[in-house]
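Okay, so here's the structure we're looking at.
The values are calculated or read from the model by the stated rules, or taken from the named source; none is laboratory data. Computed from a predicted model, the values in this text were never measured in an experiment. No Cβ is skipped: glycine too gets one built from the backbone with ideal geometry, and neighbour counts run over all protein chains shown.
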Amino acid sequence: MASRLLSSLHFPARTVPIFRAYPTIHRKMSIFNASRLQGKTVLITGASVGIGAATARLFAKAGSNVILTARRVEALNEVAEACKVAHKESGLQQGGKFAVVQLDVADRKQVSSLLEKIPDELRKVDVLVNNAGFVLGTEKIGDISEDDMENMFRVNVFGLISVTQLFIKDFRQRNTGHIINIGSVAGREPYAGGGIYCATKHAVNSFSGSLLREVVDTNIRVTEIQPGMVETEFSVVRFRGDKSKADKVYEGIKPLVAEDIAEEIVWAASRPPHVNLAEIFILPVNQASPTINYRGGK
């Protein structure tokens, strides 16, 4: 599988490579007091897999309505079905409305027409989760392809900003709303071989900080989630489909999984309206930075 994927390493502009080679890891997620989320509407970008999919399921379990967006409609439909099951199992009467919308956050036209594709009953979004993002390659500066640079910035930075701008005016008008941006430990500390990815996540950190300061006179909340090592398809994409290289990233260490990050996202969204968790920095217990970890404890 991976070897076939490697035959297509040149991605056209605004195209994000997608690999499904990595096994999905699930664990049962707990629900804390999330009563404030019942009946709320949440929009998640990159909801077709990994952190986005896990977050959608947990919001559904908490009694929220969820708008799932990503490039792959078939995968989104599967997540939507899982959300329906999670909501039914919760026994909650509120929420439970789910919409699937195809969206490439790197495509300006798709972003600008997003609201038109959302069902009328779900147009008033309460929580925006900017999750879409990816990393490609470990090339050092001087050897990074222009396409890789452009693609990562289009999705991780420009896409996140474009979607935020689409909703922030409505949030301001209603004097409510919560924007949750998925950053990274790479946005706190750069590392060799991650020049472009680190730059995009530092941009997310700065953008989130600026937005937080700009809405200080409103009831709008801004949160940045900064995960460390999370075992999803992330590293398979980074290594262009080479699963053996991706596996070595997590060798000897127990990393976080998508559900761990989903719990932090939903936790932040469920806090009282006057409480804003501006930053949540979450690492596996044996990781201290992008390059400092202990691999003997797994």
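Numerical summary
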{"read-out": "Count of segment 267-293 residues which are under 21 Å from the mean Cα position of the chain (by Cα) and within 11 Å of Thr223 (Cβ to Cβ)", "value": "9"}
{"read-out": "Pick from segment 151-188, criterion more than 19 Å from the chain's Cα centre (by Cα) and not hydroxyl-bearing (Ser, Thr, Tyr), ranking: nearest to Thr223 (Cα to Cα)", "value": "Phe171"}
{"read-out": "Residue in segment 183-194 that is within 24 Å of Ser64 (Cβ to Cβ) and in a loop (DSSP other than H, G, I, E, B) present", "value": "yes"}
{"read-out": "Qualifying residue in segment 233-242 (condition: more than 15 Å from the chain's Cα centre (by Cα), at pLDDT 95 or above, part of a helix (DSSP H, G or I) and at negative phi)", "value": "no"}
{"read-out": "Asp120 being within 23 Å of His202 (Cβ to Cβ), more than 15 Å from the chain's Cα centre (by Cα) and among the acidic types (Asp, Glu)", "value": "no"}
{"read-out": "Candidate set: segment 205-232, residues that are part of a loop (DSSP other than H, G, I, E, B) and of a type in the set (Ser, Thr, Tyr); chosen: the one farthest from Leu283 (Cα to Cα)", "value": "Thr218"}
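Yes or no, residue by residue, for (1) more than 16 Å from Asp104 (Cβ to Cβ); (2) among the β-branched types (Val, Ile, Thr):
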| position | (1), (2) |
| --- | --- |
| Val163 | no, yes |
| Arg172 | yes, no |
| Asn175 | yes, no |
| Asn181 | yes, no |
| Glu189 | yes, no |
| Gly195 | yes, no |
| Ala199 | yes, no |
| Val204 | yes, yes |
